[in-house]
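Everything below concerns the one structure shown next.
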Amino acid sequence: MKKARLLALICLILVTAVTGCRESGKVITGFDDAKNAKIGVMTGSTGEAIAAARFPKAQVKSFDDIMDAVAAMKSGQLDAIITSYPLALQVAKKNPELWRLPEPLDNEETAIAIKKGNDELLTAVNRIITEIKGDGTLESLKKRWFKEDLAPYEEMKIALPKEGKALKIGVSATREPFSFVDKNGRVTGHDGELARIIGAKLHRPVEFSDMKFMALIPALQSDKVDLIITGMTATDERRKTVDFSQSYFTNAQVMLVKKTGEAKTTTASAPVGSAHQNEDIKALEQIDGKRIAVLSGSAGDMAARKHFPNAQFQVLTAAADAALAIKANKADAFIYDKSVLLNLVEKNQGLIILDEPVDKLEVAAAIKRDNTALLSSINDVFHDLGKEGALQRLRLKWIDSKYAVTPQLPPVNNAQVTGVLKMGTCANLEPFSFQAEGKITGLDIELSQLIGERLGKKIELLDMNFEALIPALQSGKIDFALSNFNVTEERKKLVLFTLPYIENDISALVRRSTAPESPGAQALVGPINETASNNSTKITSVADLSDKRIGVLLGSVHDTYALEHYPKATILQYKSPSDLVLAVKSGKVDAGIYTRETLIEILRDDSELGLVGESILAAPIGMGFNRDNGQLREKFNEFLRQIQQNGVYGDMVERWMTKGSTQMPEIAQGKANGVLVVGNVSDKGLPFTVVKDNQLIGFDIELAERFAAYLDKDIKFADMEFGSLIAAVSTGKIDMIASTLMFTEERKKKVDFSDQYYAMGTNVFALKKNIAVPGPMAEARTPSLSFMQSIANSFQSNILQENRYLLIWDGLKTTVIISVLATVFGTLLGALVCFMRMSKNGALNVPAKIYISILRGTPVLVLLMLIFYVVFASVSIDPVFVAIIAFGMNFAAYVAEIFRTGIEGVDTGQTEAGIAMGFTRVSTFLYIVLPQTVRRILPIFKGEFISLVKMTSIVGYIAVQDLTKASDIIRSRTFDAFFPLVMVAILYFLISWILMQSLEYLERTTDPKFKRRKVRNA
Amino acid sequence: MITVEHLSKKFGDLVVLKDITIEINKGEVISIIGPSGTGKSTFLRCLNLLDRPSSGSISIDGVNILEAKADVPKVRQKMNMVFQSFNLFSHLSVLENLTIGPIKLRAMNKQEAEQKALNLLKLVGLAEKADNYPDELSGGQKQRVAIARCLAMDPEIILFDEPTSALDPTMVSEVLSVIRRLAKEGMTMAIVTHEMDFARDVSNRVLYMDEGLIYEEGTPQQIFENPRKEKTRAFINRIRSCNYQISSPDYDLYAMNAEIEAFCEKQILPRKTRHNLLLLVEELLQLYNPFLRTMPLDLTLSYSEKKESLELVCESKGEAVNPLAHNLLPDELGLIIINNLAASIAYSRVNDTNRVIVLMKKS
């Protein structure tokens, strides 16, 4: 009885202790919680400044890389991390236990850094950014790279010139999704692609230098790189040292924290801003007293201040920022020209324009004050255009129609040109004046063409900053300006305005009101609300998919099907069926669409997944052939007919499809007629293709093998990704595709299909618990992974996936090369310095002494950067070489002193005896002193050498990809500290150990006693 | 064979050798004796140019080796040296120590060199140690190997720089025997030594060096039995002295006592004498104490083996004062003790110097 009580007591204490421990970790749900928290920031980042300013009481810790900070947070050393939005997005998406506080701390302009004084490049880059902003490239970049989910990135292929002077781009490729290294070792990401776009526009090849973030600006200053494109924020501090282009991305600094219990269920993938439910604005009068965003000096600014005197104003400089501010709940409304707002609404689903306009403004052309002649002639033109309905047409075309594709400008009629009119415009104001496909277009531009035609003048466009337009008019640089000029009293004092050619509404942009129910509550409601866009509603039939997240295989027919049938759904494309199934299982998508046959196979083993409804699509499948290889196709059709007749085919269907057999029959392969190369996807899934015991098996495989046997050919399978099969067959890399290829019109254009050999069903599948079925539901829970399994997974993702071990292998080679060559160079240089140091001649020993004190007194990292960025500043030089020089120089300083100690440690009597015997000084040194020195110094030399090997881990600062850098790159992708670090630690140890063994061998051979022992033993 | 003329050597301002002129003939065994620090070793090292003379000339077979064009390493091969501290090459075995010279410098083949080395090791009695390393040998063995190493180069003359000074007394004779044997075989040798008996027996000629000069030279009989000059006589009579200077009342008593004790030990004085001497010095210094600040004291102890007399001389420069005079004493006790220990006490004033000579009573 007593024992039982005691036991209970112990249990109680234990439980309290455990729960107590758990509670001690700080949970942050808002900025207020972060006041006294431990906050991680990136060294030198703006986050650092923000943390210091906003959370003065917090413990701020600086990290070099985001992954270090994430590792620290995961291990409980941090409560929060302040970093930029895309990085936070990336981290949160790979670490489900972390999430990002929805409210941003600050917004920053991300821009490209260019060396000061390089105005030519700056102008060119600015022009390109304006251009790609205008034509939507930038928007597309943003969409493709900054995603919330784990879907693979789609990188746009950019053709770069091979010839010409390379544009050197500095990146810090551990900043996914801005810049990171892909599986081929290329620098990619948002900025990688942007860099290539810039390269392509400048007609120059692009060369990336991947280095530590801190090393980028020095690299730029020393001309090691031409541009820095790596999600760098344009801070005032940085502006002092480098020039920044105009911003290409507005980056929010957000706070990343650990998930709390509730947060997990509600906000994991909620859009920015939804966590803070503010009062929604539905009418204009509600705006007063709220936070209003305006653009500095705009007409909207003035109108807003006039109409809403009680509001709090936030003055911003770009419309996109204002939209972001509203979305991020930093502001409640944005008051600006309606036409611009319309555009913003198009691109930001969460925003809406209030129907009632705040004010009306007239838009007119601006003309120099004394140029009344031009004023009257343009006024005449406007008058005529108004009468003809041309102005109305323009408005309809550019503003009201909400065009999806940028409208074309009509061709200019240059028939009776008698002069030139210079027009100024600011081409970043869609739809009035903006860049599309490299040209300035928009309503104002089309209007100017009309003016030119009517006045018989050629219009010359000058794109300039908006603020520069009025000064340009005053100084006569331009004749008139069309740039969505709102007529204001202020401006009237400076320039003349024509008649208004358009009336512009000033409207308020606010957040779209959200559904009142909380997502959690809705999941319990029985009947499914079709209109509510909620992710956790159950699926009863395929029709419910319309607004869900659907996973498909990239490039598959399901992809096309899903796009056509569920236009409102979010369609996520996966590269392999296993990824797709995993996505469904882990809830990344609500349902997947895939081949029925394979699904049935999967469901045999998986109790969590279930099919939704019946087959949605029956698709004939066939083999794919090169279009020029009709002969092979005919042979196959013939073969197919034959096996269908003789019952072999029936047997195959029976075995693979009906019985679910996994036994592959032995098929004797001929060799007589060469080799048949068959493309397949090895993880397609049963019953078609799968790898079992390292052997390809399945229906497709058997069919292909039988066909090869029929042709009396040997068979060779080329395992590739589904997306590249068609390309492979059309380029002749493979002879045929045997991979359940469904017939589509699109594919028929590229390949020839055989006769149909099977008709395949397509089914929707989802987690069983998400499928609404009457009756008892099978409770299936994902078992938490065992320790060994998680190790195996980690090994898979860190080492095997994307061939990451190759990165490590390359890094290993670099580290060994640098270590060994630096040692050799350092030893030789050290011997020289030692010789000089020991010389009695002041001209030799003083420089040696200085060399030794300086080199030993400076950190090798500083030396490394000095040599790279200062000494070899204007020379294009392999950084590995620089590393060898720097480490060698440092090593030499130490080694020189080691040598000297060793030499001086040899008794002078030894030298005297040698000399007295008749040896010269040199031969005395060689035969008598040196052998004794070597034996003496080897132990110390070994130690110094190990330090050198480990010291090489800093070469990442000068864009060398060594072992440490390789692990950084991997960690930046996987956010898993364990494997990359342990692996790299082991490798460093191994390098040191192996090199050590060779030195120890040398040590043994120089030890005379050892030599004698060996002789005696022999 | 070797003619040295007007050789002098300075280390900075310090003149170690002044104007040495001597001729060494083939087959001669020359012993160089004299007090420590009088340039004996330096003279030897100047001969093979381990220390370069400041002036003068050294001619070997008529060739002046101090000229710039002289092939000094070649000369040294003919004139090998045995060091006080052996200087065997520690990374090489005994055999290799002997063969490295012939192989590297004489281009002798290895087998021949090893055979010759083994013969030489037999000569010095160390053939069985051929495979050992120097740090496995005793001092006497090392020195014999060093001699064999010299012989391996077939030298015309061997210079011995205090070959037994670093040896345990028990090992001295094994080394001396080897040298004696070489002398019998007619090897030309110059030996700096403190072993007087050995010098007398083995050499044709003895050089007594003092104050950087060859103070007296002659046959062993002449130098050891009938030295002409005073210093030579003093040296030969084995008059040794110990000198200690005291320049302040805070002198290091223990260091001084240690030196006195070491002196006594060297002269093999009885324990009692030593004790009395220490007591006498201490009491004398008590009396001198008031004057030490202004007048540094120079203490010299000397012992004559022949007379068995121990003499203590206290000299102090400055005003004429006898610290032992009765009128200056605080009490009589110190003086009584001194009088009890001393056979005689004499005060004299010579050239501004007060000199007190105390002769110890024989105990």
Query raised in the report: In which sequence would A:D243, A:D810 go, from the one with the fewest C-beta neighbours within 10 Å to the one with the most?
Result: A:D810, A:D243
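Would you please report the Å³ per residue occupied by the convex hull of the alpha carbon atoms in segment B:94-147? Write down the numbers at each step before the final one.
Values: hull volume 3.7 nm³, N = 54.
Convex hull volume per residue, Cα atoms: 68 Å³.
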Query raised in the report: Rounded to the nearest 0.05, what FRET efficiency is calculated for B:Y347 and B:L213 with R0 set to 41 Å and r the Cβ-Cβ distance?
Result: 0.75
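For peptide B:91-99, how many partner chain Cβ atoms fall within 10 Å of a residue's Cβ, on average?
Whole-number average of other-chain Cβ neighbours for B:91-99 is 3.
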**Report entry** Set of lysines with alpha-carbon distance to A:K492 below 23 Å, sequence-local pairs under 8 removed
**Finding:** A:K306, A:K338, A:K360, A:K368, A:K422, A:K477
Query raised in the report: At a Förster distance of 56 Å, what's the computed FRET efficiency of B:D168 paired with A:E237, Cβ-Cβ distance as r, to 0.05?
Result: 0.15
Requested in this report: Given a cut-off of 25 Å, name the pairs among A:K143/A:K165; A:K38/A:K94; A:K157/A:K183 whose C-alpha atoms lie farther apart than that in the structure shown.
Outcome: A:K143/A:K165
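What number in nm² do you get for segment B:77-218 if you take the convex hull of its Cα atoms and divide its surface by four? It would help to have the intermediate numbers written out before the result.
On the way: hull surface 35.2 nm².
Average of the hull's projected areas for segment B:77-218 equals 8.8 nm².
Quick one: compute a quarter of the convex hull surface over the Cα atoms of segment B:289-338 and quote it in nm². Walk me through the numbers before you get to the answer.
Numbers: hull surface 17.9 nm².
Mean orientational projected area (segment B:289-338, Cα hull): 4.5 nm².
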Query - Mean-position separation - Cα centroids, segment A:874-932 and segment B:194-226, in angstrom - result: 46
Report summary line: Taking a crude spin-label model, label points 7 Å out from Cα along the C-beta direction, the B:R355 to A:E356 distance in nm is 13.1
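Using a 10 Å cut-off around each Cβ of peptide A:906-912, what is the average number of partner chain Cβ atoms that fall inside? If you can, show how the numbers build up before the last one.
Numbers: counts 2, 3, 2, 8, 5, 2, 8.
Per residue, the number of nearby Cβ atoms from other chains is 4 on average.
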Query raised in the report: Can you count the Lys pairs in segment B:1-133 whose Cα atoms are under 14 Å apart, with each pair 8 or more apart or on different chains?
Result: 7
Requested in this report: Give me the distance between the Cα centres of segment B:93-140 and segment A:169-247, rounded to whole Å.
Outcome: 70
Query raised in the report: Measuring from label point to label point, each 7 Å out along Cα→Cβ, what is the A:N803 to A:K74 span in nm?
Result: 2.6
Requested in this report: Would you mind checking the pairs A:K133/A:K201; A:K147/A:K813; A:K224/A:K965 and listing those with alpha carbons more than 25 angstrom apart?
Outcome: A:K147/A:K813
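Just want the ordering: B:C264, B:C46, from fewest to most Cβ atoms lying within 10 Å of their own Cβ. Intermediate values should be presented prior to the final figure.
Details: B:C264 21, B:C46 24.
Lowest count first: B:C264, B:C46.
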Report summary line: D (µm²/s, integer) via Stokes-Einstein for chain B, Kirkwood Rh across alpha-carbon pairs, 4 °C, 1.567 mPa s: value 55
Report summary line: Given a Förster distance of 41 Å, the FRET efficiency implied by the Cβ-Cβ spacing of B:T21 and B:N257, rounded to the nearest 0.05, works out to 0.40
Requested in this report: Kyte-Doolittle cut-off -1.0, length cut-off 24 Å along the helix's own axis using Cα: show which whole DSSP H helices in chain B pass.
Outcome: B:271-292
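How do B:60-70, B:112-122 rank on mean C-beta neighbours within 10 Å, highest first? All intermediate terms of the calculation are to be shown ahead of the outcome.
Numbers: B:60-70: 12.3, B:112-122: 17.7.
Taking the mean over residues of other Cβ atoms within 10 Å, the ranking is B:112-122, B:60-70.
Order of B:L359, B:L299 from fewest to most other C-beta atoms within 10 Å? Can you show the working numbers first?
Details: B:L359 15, B:L299 21.
The most exposed by this proxy come first: B:L359, B:L299.
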Query raised in the report: How big is segment A:795-837 by the Kirkwood estimate over distinct Cα pairs, in Å?
Result: 12.5
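Can I get the semi-axes of segment A:819-898's equivalent ellipsoid? Compute them from the C-alpha gyration tensor as square roots of 5 times the eigenvalues, in angstrom, largest first.
Details: eigenvalues 107, 36, 22 Å².
Here the semi-axes work out to 23, 13, 11 Å.
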**Report entry** Cα-projected label distance for A:T43 with A:Q221, points at 7 Å along beta-carbon direction, nm
**Finding:** 1.7
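Taken together, the values in this text are just the output of simple stated rules run on the coordinates, not laboratory data. Nothing here was measured: the structure is a model prediction, and the numbers come from that model. Here the Cβ is made from the backbone with ideal geometry for all residues, glycine too, and neighbour counts use every protein chain on show.
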